[in-house]
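Everything on this sheet refers to the single structure shown next.
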Amino acid sequence: MLRLLLAGTEVRVRQQRHAFPFGTAATAARIMGTSPEDDTYRRHLQELFNAVVLENDLKWGPWSAAPGGPYSRERTLAALRWLQERRFLVRGHVLVWPSMRNMPKQAVALKGDPAALRQAILARIDDAAAATAGLTAHWDVLNEPFDNHDVMDLCGREVMVEWFARARARLPADCRLFINDYGIVAAGGATDTPHQRHYAETIRYLLDQGAPLEGIGIQSHFGGQPTPPAVALSILDRFAAFQRPIVITEFDINTQDEEYQTAYTRDYLTLCFSHPAVSGFLMWGFWEGAHWMPRAAMLRRDWSEKPNLAVWRELVQKRWWTDLTLRTGADGVARVRGFKGDYVVEAAGRSAPVVIGEQPAETTLRR
């Protein structure tokens with residue numbers, strides 16, 4: 001509600017930023033790079049998104065890599081600070097990816113000593129949490145437990161609870177802790193698959209054991225035959241029943257059919273944004289020159305825009321964006337319903353910031 005204390009005054013309400021995270025995976029090397037191409041990368045990152053997950057830089061192996069290789073802890077932290085300064089919501093990915101193929105050599109060497117491995121993982125959580133505290137709003141504590149369970153096989157299922165508890169003890173209270181997995185909605189239109197059942201059972205186990213699980217990540221990597229929206233809705237509803245926020249953490253659709261790719265991006269993005277349990281939507285990359293599935297990108301290698309980027313712009317930056325001009329009533333009040341986020345209100349030669357969020361917002365402008 002905007003209170004101007006002057007009847008019949010024209011008011012403009014302009015949204016400046018979404019509260020809902022519309023994001024992408026990015027790389028620390030590009031964020032901190034010095035080439036003209038890196039400048040273009042950063043410009044598009046800031047123009048199109050308000051949330052970022054570093055694709056590989058915070059995973060245990062790259063994070064602990066020796067100096068001189070493709071990854072650098074110092075560069076990763078510099079990238080996190082760069083993102084924080086520009087008010088990106090940052091997701092940390094991932095504290096524990098519990099298979100031998102996805103852990104560094106020093107952890108794999110401990111597979112014959114489960115107690116030592118257990119302690120090494122806790123030390124990993126301590127290290128990453130201490131370094132990134134205040135720089136991340138979310139952390140994937142556990143990634144892909146259906147296919148990655150070597151550590152649970154060696155140390156027992158209860159270690160998953162221990163990881164969440166340790167992360168909660170080491171990270172700031174406002175950093176939300178997630179589980180994350182693939183093949184949940186992106187199951188080719190199937191429902192109640194072994195993978196889906198396992199994910200639901202793991203979430204239920206963690207909650208029953210008192211683990212501070214605060215969010216559910218659903219990756220959403222699609223191929224040429226993605227899940228019909230009606231089926232996707234039923235799957236989201238199933239996981240919404242856990243009463244934890246859902247974030248679409250890794251969306252892409254890998255196909256040469258750009259028309260189909262665009263249509264499904266539109267439909268899935270609309271479905272997720274409209275679902276009351278979904279609290280964020282992140283692409284898994286946006287530029288063909290830095291994308292694990294180049295055909296899934298929204299910008300070609302030469303930075304020309306694909307049709308799927310046009311639909312992203314249309315929805316995120318136009319249709320789901322509030323920019324209104326109206327007049328106050330006889331009581332000097334203008335009432336506005338807008339998308340959650342940051343706004344500037346202009347009237348009677350004055351302006352003021354206002355945030356539209358969970359609760360009704362009110363600001364007063366006086367001559």
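Data overview
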item	result
Net lengthening on full extension, Asp174/Ala123 (0.36 nm per residue, minus Cα-Cα)	16.2 nm
Within the range 105-120: backbone nitrogen closer than 16 Å to the Ala130 label point (7 Å, Cα to C-beta)	119-120
Three-way shape label, the range 250-290, alpha-carbon gyration tensor, a/c 1.5	oblate
The chain - percent relative contact order, Cα under 8 Å, separation 6 or more	25
Prolate/oblate/rounded call for the chain, Cα gyration tensor, a/c under 1.5 rounded	prolate
Rounded accessible area per residue of the range 6-109, 1.4 Å, Å²	42
Test item: Cα-centred dipole of the chain, Lys/Arg +1 and Asp/Glu -1 on Cβ, debye	1140
DSSP bridge orientation in the chain - percent antiparallel, rounded to nearest 5	40
Heavy-atom accessible area per residue - the range 162-269, 1.4 Å, Å²	39
Cα-based reach from Lys306 at 15 Å (exclusive), listing aspartates and glutamates while leaving out same-chain residues under 8 positions away	Asp252, Asp257, Glu258, Glu259, Glu288, Glu314
Extension gain from Gln256 to Arg43, taking 0.36 nm per residue of separation minus the Cα-Cα distance	74.1 nm
Gyration tensor (alpha-carbon) shape descriptor, the range 199-341, a/c threshold 1.5	oblate
Solvent-accessible area of Arg124 with every protein chain in place, 1.4 Å probe, in Å² to the nearest 10	10
Solvent exposure, largest accessible area first (probe 1.4 Å, DNA, RNA and ligands not counted), of Thr191, Thr265, Thr40, Thr270	Thr191, Thr270, Thr40, Thr265
26 Å Cα-Cα reach of Lys105 towards lysines, excluding residues that sit fewer than 8 places from it in its own chain	Lys59
Accessible-area composition of the chain, carbon plus sulfur, in percent [1.4 Å probe]	50
Derived scalar couplings ³J(HN,Hα) [the range 129-138; Karplus, 6.51 cos²θ - 1.76 cosθ + 1.60; whole Hz; x for Gly, Pro]	5, 5, 6, 9, 4, x, 10, 10, 9, 9
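The values are calculated or read from the model by the stated rules, or taken from the named source; none is laboratory data. Worth saying up front: this structure is predicted, and the values here are computed from it rather than measured. Backbone-built Cβ (ideal geometry, glycine too); neighbour counts: all protein chains shown. Side chains included, ligands, DNA and RNA excluded: accessible areas come from the protein's heavy atoms. Shrake-Rupley method; radii C 1.70, N 1.55, O 1.52, S 1.80 Å.
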